[in-house]
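These notes are about the structure you will find just below.
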Amino acid sequence: MFNFQELIDVIIMTLALGYIFRDAFRKPEYHHYDPLEALRHIRQSTAWQDFQFAAMITAPAIILHELAHKFVAMGFGLQATFHASYSFLALGILLKLLNFPFIFFIPGYVSHSMAASPWQAALIAGAGPFTNLALWLVCQALLRSKAFMRTHRSWHAALFLSSRINIFLFIFNMLPIPFFDGGQFYVSIYHAIVG
């Protein structure tokens, strides 16, 4: 299922994503007792807590996206391998260090060994974005569930941000851009229909 290098890549990607997005997705502070007290104190959340929160929000959306490609390809009997894109992760870290307002990079990808049929290629390409769509639907259902939100109020920010990230990844990856999931998905569908 997984080899040792894939596990290392998942860990490195998670650490890089936590670092890159730790300022964008900070752990919220909950001050239920005195709002004026919250205004008097400088942010108490540490950089480590922000790092953990950012990794918890971003890594599952991206890693599950890539693993969906892997498992669908494996379901068709292909040898599929998950890779962290070290050059793009380095670019993301560099952009973060330079304080770029928008950071765009491809943190990982899945390679598979043999050519797939057009329908198989379409399903492999669509597996990642449709996983993000499914994660968005789960987050939306939990956010709308009054019973869940009453018992897990501290999860609201995490679910809300995860929802936003997953719908962004779905929409972006389904755009018909060459070499991206959407481009491969639509081209494969076209070849499957036209021949």
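Laboratory data are not the source of any read-out in this text; all were calculated from the coordinates shown. As the structure is a prediction and not an experimental result, all values here were calculated from the model. For neighbour counting, all protein chains shown are included, and Cβ atoms are generated from backbone atoms with ideal geometry for every residue, glycine included.
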Under 5 Å between amide hydrogens, which residues at least 5 positions from Gly108 or on another chain qualify, with H placed 1.01 Å from N in the peptide plane?
Ser85
In whole Hz, the Karplus estimates of ³J(HN,Hα) for segment 149-161 (6.51, -1.76, 1.60; θ = phi - 60°; x where Gly or Pro) are 5, 5, 8, 10, 4, 5, 7, 4, 5, 5, 5, 4, 5
Name the residues whose placed amide hydrogens come within less than 5 Å of the amide hydrogen of Ile177, ignoring near sequence neighbours (fewer than 5 apart) on the same chain.
Gly182, Gly183
Residue-by-residue Karplus 3J(HN,Hα) for segment 48-59, coefficients 6.51, -1.76, 1.60, Hz, glycine and proline x:
5, 5, 5, 4, 4, 5, 5, 5, 5, 7, 8, 4
Report, in deg cm²/dmol and to the nearest 500, the calculated mean residue ellipticity at 222 nm for the chain, where each DSSP H run with n ≥ 4 adds -39500 (n - 2.57) and the sum is divided by the residue count.
-22000 deg cm²/dmol
Using each residue's phi in segment 176-182, evaluate 6.51 cos²θ - 1.76 cosθ + 1.60 at θ = phi - 60° and report the 3J(HN,Hα) Karplus result to the nearest Hz, with x for Gly and Pro.
x, 9, x, 6, 9, 4, x
Rounded to the nearest angstrom and ordered from largest down, what semi-axes does the equivalent ellipsoid of segment 4-194 get from its C-alpha gyration tensor (root of 5λ)?
35, 20, 14
Arrange Trp155, Trp48 by Cβ neighbour counts within 10 Å, fewest through most, would you?
Trp48, Trp155
Considering only Asp23, Asp50, Asp181, give the residue with the highest GNM mean-square fluctuation for the chain, with springs between Cα atoms whenever their separation is below 10 Å.
Asp23
